[in-house]
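The values are calculated or read from the model by the stated rules, or taken from the named source; none is laboratory data. All values derive from a computational prediction rather than experimental measurement. Every residue, glycine among them, receives a Cβ derived from its backbone with ideal geometry; neighbour counts consider all protein chains shown.
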Amino acid sequence: MARKKSSAKSRPQAGKPEKAGELIPVDTDKVDAAVRYINERTIQSGLDLAREVGDYVLETFFDGDFASFTNPSRSKSTSFRALLEREDLLLGHATIYGFVRVSHQLKTLPAEVVSRLTLTQHRALLPLPDPERKEAMARRALEEGWSAEELEAEVRKLLPRSRRGRKPLPPFVKGIRNVVKALDLAFENQVTPEAVTTLGPKETSALSAQVEESLARLEALKQSLEEAQKEPGSAA
């Protein structure tokens, strides 16, 4: 079944896109419209969701300029940062960032390659900076039938080795990254009524409780990270 293409006309036009580096006050109308747009799109999944959200965020907050999005300047897009801080936004910071990067990457790969890779496989290709190397690795993954984990391992072999003496990352960092991967996998498949009925009431309730508990633990982790940033001597 062919993927239904979204119309650009359906996207809310809430104010002029910001330019990175400009100290512009938060555009609350733009942020409100973005929250509504993104939340409504979460009924989709996988690449459809990543493409919709990624393209929208880049166009709305960075004038379609991917270089502005990747600019590490603290002053970039105050409204975008306000969007990420919204508690009613259904997608997390890492997911939004990943979707923008994936949607940009999709434009650099042939359509026949894009459509045959899963979202997690596309994310595995992100560390490769060279488009030609990305395509070659993607085609090899399709030919070899690699899973996302296998593709990630092969991509890692092509990356420069970390400098000696670099401090190892704290264990919780790996845990957070695994959570992000798990969420990517969950979003690749929609939660439909038909799928839920296969679980049964007891299993569905248990799963819902697990999600609720995980949300609470993630919120506690987020607060710990924010408090650590405020401590004297923490990284700026």
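Quick notes
- Hits in the range 82-100 - residues which are farther than 18 Å from residue 179 by Cβ and surrounded by 15 or more Cβ atoms within 10 Å (Cβ to Cβ): 82, 83, 100
- Residues of the range 132-148 satisfying the condition of being in contact (Cβ under 8 Å) with a residue 12 or more places away in the chain and either touching a Cys at 6+ places or on another chain (Cβ under 6 Å) or surrounded by fewer than 13 Cβ atoms within 10 Å (Cβ to Cβ) (or both): 140
- Odd one out for residue 87 among (1) free of Cβ contacts under 8 Å to residues at least 24 places away in the same chain; (2) under 29 Å from residue 216 (Cα atoms); (3) in a helix (DSSP H, G or I): (3)
- Unique match (being of a type in the set (Lys, Arg) and over 15 Å from residue 100 (Cα atoms)) among 41, 51, 86: 86
- From the list 174, 134, 157, 181, the lone residue that is in contact with a Lys or Arg (Cβ under 9 Å, 6 or more places away or on another chain) and either assigned to a helix (DSSP H, G or I) or at pLDDT 95 or above (or both) is 181.
- Selection within the range 55-81 - among the β-branched types (Val, Ile, Thr) and surrounded by 15 or more Cβ atoms within 10 Å (Cβ to Cβ): 57, 60, 78
- Scanning the range 3-47 for residues that are at pLDDT 90 or above, outside any loop (DSSP other than H, G, I, E, B) and out of contact with any Leu (no Cβ under 9 Å at 6 or more places or on another chain) yields a count of 7.
- Restricting the range 184-211 to residues that are in a helix (DSSP H, G or I) and under 21 Å from the mean Cα position of the chain (by Cα) leaves a set whose member that is modelled with the highest pLDDT is 211.
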